[in-house]
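Everything on this sheet refers to the single structure shown next.
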Amino acid sequence: MKGTRLMKTLVSLPRAFFGALTALSLLTGGRAAHADLDVVVDINQLKCIDENDSVTNDEPYIIVIPFFVDGSTVEVGAFSGGGGFAAKPSSKVTVMKKSKTQDNIKNGDDWCDEGSNGKTYSIPASAGEFSHTMKPISPEVTGPFAEKLPIAGVIVAVVEEDGSPTQAANATRDAIYNTLKDQLTLAMFQQKFDVNQIRQKIATQVKNAAISATIQNLSIAGIVDPDDLMGADVDTWTYDQLEAAGSGGIPIKMRFKHKDDGDYEVMGKVRVTKKQLPSSVAVQIKRISAVGNFSESPDFYATIEIASNKKQFPRIDDKAMIEPSWSHSVNVGQDEKVSILLSVRDYDSTSGNDAVDINPNKSTNGLPSPADLVLLFDRVTGEIFHIDPLSGNANAKKKIGMKGQTITLKGTAANESAEIRFVIQ
């Protein structure tokens with residue numbers, strides 16, 4: 001590597017990158033979004049605009065290093081006394097890399113020469129495509145980390161292969177990878193850092209690593225005609241930007257131009273792939289136990305309704321507590337939100353069956369709360385909500401649990417009320 005050019009290139013990385021990281025020290029209140037995002041970073045095209053190597057023709061290779069600061073590896077805890085939130089010691093950032101450097105776009109020599117000016121070459125997935133499930137920071141976090149995190153980004157460097165050994169090329173990649181990881185980790189824990197110091201740190205580490213690997217491998221070609229760094233660039237995205245873009249993605253376009261060694265353009269896209277949801281929703285009632293006054297031992301039976309598909313279960317006589325494991329499963333296709341209704345009744349052969357109150361809401365707007373549970377299951381986020389139909393707000397809802405959790409609720413009526421335990425999958 002040519003040390004002076006390398007230093008200038010990395011030190012001059014766009015301020016947008018470091019500005020996005022600086023946001024770690026400027027966080028304000030907000031709430032993190034809930035859903036996981038399956039993110040694909042795909043650098044897939046290289047355009048040779050101008051080849052200007054004075055020693056040999058061009059055979060560039062690419063170094064792609066995506067990074068993520070998100071809830072998959074960042075765990076946030078609250079300070080005592082309500083002093084805000086900070087990353088727990090177990091937290092870490094995600095930085096990714098590929099194993100191959102030289103010849104990772106196209107094998108052979110002199111393939112990107114003067115005759116191919118303006119020609120576009122495909123970058124294989126083995127060199128430029130990465131996948132990561134980006135998770136939100138805990139939704140309970142309302143202060144630091146809630147608004148600006150998670151974030152994602154990618155550093156791309158284009159290098160013209162000349163005489164440096166493979167070990168030197170790999171050392172360059174590893175120096176970018178390791179230094180970026182260290183500096184992101186520091187920023188995450190301290191929530192502040194010196195932007196210029198980080199730039200200088202990355203540049204110095206990359207330069208020293210490449211020189212050391214060249215000397216250790218006694219590569220005369222690498223000393224006389226080292227691989228040339230055409231440039232390095234960075235793109236960053238917030239969680240909200242990625243979520244809004246969805247599968248359509250956000251274009252990536254970077255230009256690498258040097259007066260002595262050519263002009264290249266790299267293109268790609270970051271996108272979110274949509275998860276295939278399970279085709280069915282299942283509800284299991286695990287326990288019903290009497291809470292309010294019953295005139296005699298209850299004869300419980302229940303109904304589970306999923307997306308208007310109803311199933312009634314047979315009664316169990318003379319038991320104040322039952323553990324029936326009643327289950328109902330319905331095919332809902334790819335519906336993201338599914339309505340669920342749970343109702344419990346006490347069989348009475350003389351005066352008619354009684355509605356058993358399992359609704360934790362108290363009376364609203366002067367009206368008695370309905371005895372049944374009206375629920376909404378968000379299958380994308382896994383959240384389960386209790387709907388209050390009498391609040392006066394059609395969208396009123398309260399989160400009561402997550403997919404797969406055992407949820408316990410109980411009615412508030414003095415008579416004919418019960419506690420119910422159930423699971424939604």
Ratio for region 280-424, C-alpha Rg to 2.2 N^0.38 Å, reads 1.02
Computed over region 235-311, the relative contact order (Cα-Cα under 8 Å, seq sep at least six) in percent reads 22 percent
Ranked from fewest to most other Cβ atoms within 10 Å of their own Cβ, Thr412, Thr179 fall in the order Thr412, Thr179
Stretched fully, the stretch from Lys100 through Met402 gains (0.36 nm per residue minus C-alpha distance, one decimal, in nm) 104.6 nm
Phi angles of region 63-77, converted by Karplus (6.51 cos²θ - 1.76 cosθ + 1.60, θ = phi - 60°) into ³J(HN,Hα) in whole Hz with x for Gly and Pro, give 10, 10, 10, x, 8, 9, 10, 8, x, 5, 9, 10, 10, 9, x
Length-normalised contact order of region 280-424, Cα under 8 Å, at least 6 apart, in percent, tallies to 29 percent
Expected unfolding gain across Thr166-Lys119 under the 0.36 nm per residue rule, minus the alpha-carbon gap, is 14.3 nm
Quick calc, region 280-424, dipole around Cα centre from Cβ unit charges on Lys, Arg (+) and Asp, Glu (-), nearest 20 debye, gives 560 debye
Under 5 Å from the placed amide H of Gln405, counting only residues 5+ away or on other chains, we find Ile424
Here the gain from full extension of Lys88 to Asn293, 0.36 nm per residue of separation minus their alpha-carbon distance, amounts to 69.0 nm
A correct fewest-to-most ranking of Val374, Val69 by other Cβ atoms within 10 Å would be Val374, Val69
Cα-Cα longer than 23 Å, checked against Lys47/Lys106; Lys135/Lys337; Lys286/Lys310; Lys275/Lys397, kept in input order, equals Lys275/Lys397
Given pairs Lys88/Lys269; Lys98/Lys253; Lys88/Lys181; Lys97/Lys269 and cut-off 24 Å on Cα-Cα distance, the over-length ones are Lys88/Lys269
Listed with the fewest Cβ neighbours within 10 Å leading, Phe422, Phe294, Phe189 appear as Phe189, Phe294, Phe422
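Values in this text are rule-based calculations from the coordinates and carry no lab data. The model shown is predicted, which means the values in this text are computed figures rather than measured ones. Backbone-built Cβ (ideal geometry, glycine too); neighbour counts: all protein chains shown.
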